[in-house]
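All remarks here apply to the structure that follows.
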Ligand code: GLN
């Protein structure tokens, strides 16, 4: 489709936040892709931060990193996993980013003396950010999710901009979808449509009439309730969709399809004749995920484990890997500050795998070192991501390579062995936002290593987000002690992957980059896939050893004590 034919879908939310607009947008994206159409999804966030890069994971959840190195909202991860299309810097726009651009232009004098105002200057900038996605990717559909809830003061400029948008491109090229909540009131035994009614009215007051209403509810909405909502929303009943709770978010595109969402969007709304959907591979994944026969337990040792969204892509990559290996991955969320408590150490030693994800700052770092040591000494599969690699390297340096007190200078600037140190290009940087090494870079993977067995390729592209790296001055010493640097930048200047040889440990691999960002339900990130495979093998070895012990125990009980345990 040429650019002047791109269609625009705007998704707004009402009643309360956290209803899953991101999943809804991603699911619609998946459906359109399944109908042979190309899609880009973008998210508008009404907060003043220029991007979420500097926000605490407790405020915001994970920071998702795009190929081109933008630090973005975690919904972009959903978009990529559902549509299998990479997002970009243009896919996440915040109010702060918009104001920043407008104010910079004002300082340059670009407005030629005009008074700079929310309307038209801020709203024009917002509209331009929608158009930029259409122009740069030449897609059939741009889906724009507006963060926040209708009625918020903050999201008003965004809503005003999307209200204006059809004036420029034509109403027939635009669609407004509104996501609301239909709560169940227990003591009345009823689903209540009133909040949806108010929310649709609020949207109308701003000048936007929704073309479709997605209703979140605990259970499926009856036709009667949908009809009631249709009536007050002035919509056909087919435009009222029951977005009921499902155990697996990956089944949302299927439940939407069953209710004719893609047909309504394409045929009824836009008048597009698209091929029948190909949802077979997606359905296969959903069915496999629901029927996993096995289970592995992975400890995720981090600082923000009280908010699982802080590690969303890591958890998803583990899930994808589990689906690949036909086993459910049960994550034990371990607060790194508790690792040295005896009960937690005991729990960790029973795990099938230990994963240390990315992180910043010293709190809990020693707990992570203890967890990595335990994994190394007990032959428990280990995967370290970014900070998790700094942990693995520091631990190895201290306890194997004879460098007591070895550390990352992020944790201890005075360490006698700064095995992890600032990237040289980071030394002069004072600003915190957007200044790390960010985005996809090539990684050369050394043949004959665990990493190469995972990737089966000599050069791969993975996404980064860090300031610190393995210190080249101590690299040789670490290698001499047995640590293998199985991935580097193509010029070998930076270490990208570290591991222990297979003869020493079944799986002890850590990467400077974040493989989780590129994991897809049907294509798990290779290092995660191999890690979960190793965890499963570890559990089976344990089970075998356990049953051998039990056999030997029962033989002993039978008086056949002469039989060796090492059968
Ligand atoms: N804090 C470390 C650094 O800046 C690791 C970053 C991360 O884990 N994403 O290098």
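Bear in mind these aren't lab numbers, they're just calculated from the coordinates by the rules spelled out. Note that the structure is a prediction, hence the values are computed from the model and not measured. Using ideal geometry, Cβ is built from the backbone for each residue, glycine included, and neighbour counts are taken over all protein chains shown.
A few notes on this one:
- As a rough guide to protection, the peptides 347-354, 400-407, 107-114 ranked by mean Cβ packing within 10 Å, highest first, stand as 347-354, 400-407, 107-114.
- Hull-based mean projected area of the stretch 1-49, where the convex hull spans the alpha carbons, in square nanometres: 4.7
- The stretch 400-490: radius of gyration and largest Cα-Cα distance (Dmax), Å: 14.9, 41
- Rounded if a/c under 1.5, otherwise prolate or oblate - the stretch 280-372, Cα gyration tensor axes: prolate
- Highest-first packing order for the peptide set 20-30, 226-236 is 20-30, 226-236, based on the mean count of other beta carbon atoms within 10 Å.
- Rounded, prolate or oblate (a/c below 1.5 giving rounded, otherwise prolate when a/b exceeds b/c) for the stretch 180-225 by Cα gyration tensor: prolate
- Under the Debye formula (equal points on every Cα, no solvent term), log10 I(q)/I(0) of the stretch 303-448 at q = 0.10, 0.13 Å⁻¹: -0.40, -0.68
- Degrees between helix 156-169 axis and first principal axis of the chain (Cα, 0 to 90, nearest 10): 60
- Mean residue ellipticity (222 nm) of the chain, computed from DSSP H runs ≥ 4 via -39,500 (n - 2.57), nearest 500: -11500 deg cm²/dmol
- Kirkwood hydrodynamic radius of the stretch 55-102, from the reciprocal of the average inverse Cα-Cα distance over all distinct pairs: 11.4 Å.
- Against the main long axis of the alpha-carbon atoms of the chain, helix 365-378 sits at an angle near 50°.
- Relative to the 2.2 N^0.38 Å rule of thumb, the stretch 218-307 has a C-alpha radius of gyration ratio of 1.49.
- Note on the stretch 451-514: along the principal axes its Cα atoms extend 30, 30, 18 Å, ordered by decreasing extent.
- Kirkwood Rh, Cα atoms: Rg over Rh of the chain: 1.02
- The label-point distance for residue 459 and residue 479, in a model that sets each label 7 Å from Cα toward Cβ, rounds to 2.1 nm.
- Cα centroid separation - the stretch 406-481 against the stretch 485-512, whole Å: 10
- Working note: Cα gyration tensor of the stretch 58-139, eigenvalues times five, square-rooted, sorted largest first, giving semi-axes of 28, 15, 10 Å.
- Pairwise alpha-carbon distances in the stretch 98-217 exceed 18 Å for 61% of all pairs.
- The stretch 213-368 shape via C-alpha gyration tensor axes, a/c threshold 1.5: prolate
- The order of 41, 298, going from fewest to most other C-beta atoms within 10 Å of their C-beta, is 298, 41.
- Here is the P(r) of the stretch 490-534: all C-alpha pair distances, binned every 5 Å from 0, give 5, 19, 24, 22, 18, 10, 2 in whole percents.
- Entry note: the stretch 1-126 has Rg to Rh equal to 1.01, where both radii use alpha-carbon atoms and Rh is the Kirkwood radius.
- The stretch 130-280: projected area of the alpha-carbon convex hull, averaged over directions, in nm²: 10.5
- Bridge type composition, the chain - antiparallel percent by DSSP, nearest 5: 35
- Estimated FRET transfer efficiency (residue 428, residue 192; beta-carbon r; R0 45 Å; 0.05): 0.20
- The long axis of helix 223-233 is offset from the longest Cα principal axis of the chain by roughly 60 degrees.
- Among 327, 252, the order by Cβ neighbours within 10 angstrom, fewest to most, reads 327, 252.
- Shown for 389, 175, 411: other C-beta atoms within 10 Å of each C-beta, ranked fewest to most, produce the order 411, 175, 389.
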